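Peer 1: The following block contains the structure, expressed as structure tokens.
The values are calculated or read from the model by the stated rules, or taken from the named source; none is laboratory data. Bear in mind the structure is a predicted one, so any value in this text is a computation, not a measurement. All Cβ positions, even for glycine, are placed from backbone atoms using ideal geometry, and neighbour counts span all protein chains on display.
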Amino acid sequence: MSDNMNGMRASMPLSNLRVLLVVSLSLSFLLNIPVLSEAYTRADRRSFQRSIIDSRSKLNPRYKKVKRKKTKYIIVHTSELGLKTTLKVVSKGKSLRNGKRTHGGHTHYVIARNGRTYRILDKKYKADHAGLSMWNGEEDISKTSIGIELTGYHYASISENQYRSVGILIDILQKVYGLDDRAVLTHSQVAYGKPNRWFKENHRGRKRCAKNFIHTKAEVKPIWTYDPDVRSGRLLSDPQLFDVFYGRREYLAETSNTNIISRSNTAWSIAGEDYDARTTVYKFPGGHVYTGNQISNTIGWSSIPAKTVVLLDQENGISLIKSQRPIKTISERLTAWSFAGKKYNYKTTIYFLPSGQIKSGSLISDWDDLPVKTRLIVDYRGPYKLHKNQSAYGIAGNNYNDRMTIYYLPSQKLMAGDEIEDFSELPTGTLMFLPST
């Protein structure tokens, strides 16, 4: 700005300054000049950068680092896993369908549900995060983008702490690389797939990753009103993703998040290309459990019943999910969400922490905060305390020895009613939990 303009602005009335600001912003919009967000202060950015946990030393040494020649996009992902497994997979690698393993380097940053941010790979290097991808005719988006993984699932809500952290991180990266909000996309927006049983041509929708990401909650404007590759005819549209990203986006992103099959929510809508993977688990309402690679040769894809629950990335926990026993155990790969879904924070979901604490779901703010080896039961009421004047039979009647009646002993041992041989030997102080339905 010239000295004459500065002098003119200094002598201008406040009301005229406001008019000038509106005109300047309007011209910026008409001329397509990016106006970078100032939602976060310099202090916010400094504090955030100091808080980042550096995990670059944990990167698989076999990952080949290649510097990006240019940076055009910031791609937001949801990891479809809990925090510990996410950090392990993006750093060390993952198993592929052909039995091979990758060498890690699958993102630049991971943001936990409590907002804590981890640096996995220096931002100057290419991360293998976008896979088969295209945007505006350009393929292999990993070569020109930075990847950010949000711990959690595309059919669950992103936490407010995550939105704040990813918002600040995006703000920092936009300033470093001179990017506007048009550069901020999700993996589900840029990924595409080859022909399959739902689509006869190359198509959008291979990944559902970050379908639940609401741009404005991260102080990013959702500028794109169409998919350039669909509009040009390069790809077929995915109806659900089209509605989420280019329809009433914020409403749909919040209300269409579910991993339960219905007439409008198919296996493809939930799992994308992983619909038939052996690591995708289908829990039928009647209790039967199948993996994705079993469906075709058993009941067929068109016969999956409504209310079937779909779980992704269950590589090492399928036998535990198949178990009909009511007591479930959280592991690195199996979170509370894996077992309880949206009921993880219901008062009828009971958690037994390794410390000996017992908490109802209504006291749990986030499934990722629960330590490994935490046990849980879903749809239960209690506890009812046994003592000399209150027997198991007196509380539960004929169901006192049922497999769905749960006992928590003072020694922190959890047992189902059908596992107890002599109820007269139950110690005083034993707690009983009964199914709530």
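Peer 1: How many residues, within region 420-437, are exposed (fewer than 12 other Cβ atoms within 10 Å of the Cβ) and under 39 Å from the mean Cα position of the chain (by Cα)?
Peer 2: 1
Peer 1: Can you tell me how many residues in region 178-192 are assigned to a helix (DSSP H, G or I), farther than 23 Å from Gly115 by Cβ and either touching a Leu at 6+ places or on another chain (Cβ under 9 Å) or not assigned by TED's automatic domain parsing to the domain that holds His106 (or both)?
Peer 2: 1
Peer 1: Identify, by number, the condition in (1) under 21 Å from Met415 (Cβ atoms); (2) surrounded by fewer than 16 Cβ atoms within 10 Å (Cβ to Cβ) that Ile350 doesn't meet.
Peer 2: (2)
Peer 1: Also: Out of all the residues in region 232-250, is one or more within 20 Å of Ser142 (Cα to Cα) and assigned to a helix (DSSP H, G or I)?
Peer 2: Looking for residues that are within 20 Å of Ser142 (Cα to Cα) and assigned to a helix (DSSP H, G or I), one finds none in region 232-250, hence no.
Peer 1: Considering only region 358-407, state which residues are in a loop (DSSP other than H, G, I, E, B), surrounded by 15 or more Cβ atoms within 10 Å (Cβ to Cβ) and touching a strand residue (DSSP E or B) at 6+ places or on another chain (Cβ under 7 Å).
Peer 2: Ile364, Leu370, Thr374, Asp379, Leu386, Met404, Thr405
Peer 1: Filter region 152-177 for residues that are among the polar types (S, T, N, Q), closer than 22 Å to Leu241 by Cβ and either at pLDDT 95 or above or assigned by TED's automatic domain parsing to the domain that holds Leu370 (or both) and give the result. Don't jump to the end; show me each part of the working.
Peer 2: The first filter runs over region 152-177 and keeps only residues among the polar types (S, T, N, Q), leaving 157, 159, 161-162, 165, 174.
Those left that are additionally closer than 22 Å to Leu241 by Cβ: 157, 162.
The answer is Gln162, and nothing else.
Peer 1: On the basis of being surrounded by fewer than 23 Cβ atoms within 10 Å (Cβ to Cβ) and acidic (Asp, Glu), does Glu160 make the cut?
Peer 2: yes
Peer 1: Filter region 113-157 down to residues that are touching a strand residue (DSSP E or B) at 6+ places or on another chain (Cβ under 9 Å) and assigned to a helix (DSSP H, G or I) and give me whichever is surrounded by the most Cβ atoms within 10 Å (Cβ to Cβ).
Peer 2: My answer is Ile141.
Peer 1: Separate question: Condition first: touching a strand residue (DSSP E or B) at 6+ places or on another chain (Cβ under 6 Å) and modelled with pLDDT of 95 or more. Now tell me which residues in region 94-112 satisfy that.
Peer 2: Passing the criteria: Thr107, His108, Tyr109, Val110, Ile111.
Peer 1: Moving to a separate point now. Specify the residue that is surrounded by the most Cβ atoms within 10 Å (Cβ to Cβ); the eligible residues are those in region 228-243 that are over 16 Å from Glu201 (Cα atoms) and modelled with pLDDT of 90 or more.
Peer 2: Selected residue: Leu241.
Peer 1: Give the number of residues within region 21-55 that are surrounded by 12 or more Cβ atoms within 10 Å (Cβ to Cβ), in a helix (DSSP H, G or I) and either at pLDDT 50 or above or aromatic (Phe, Trp, Tyr) (or both).
Peer 2: Qualifying residue count, region 21-55: 6.
Peer 1: Across region 279-299, what is the total count of residues that are surrounded by 15 or more Cβ atoms within 10 Å (Cβ to Cβ) and in contact (Cβ under 8 Å) with a residue 12 or more places away in the chain?
Peer 2: Restricting attention to region 279-299, the residues satisfying the condition of being surrounded by 15 or more Cβ atoms within 10 Å (Cβ to Cβ) are 279-284, 289-292, 295, 299.
Adding the requirement that they be in contact (Cβ under 8 Å) with a residue 12 or more places away in the chain leaves 279-284, 289, 291-292, 295.
Adding up the residues that qualify gives 10.
Peer 1: Would you check if there is a residue in region 184-197 being in contact (Cβ under 8 Å) with a residue 40 or more places away in the chain, farther than 21 Å from Tyr275 by Cβ and touching a helix residue (DSSP H, G or I) at 6+ places or on another chain (Cβ under 7 Å)?
Peer 2: yes
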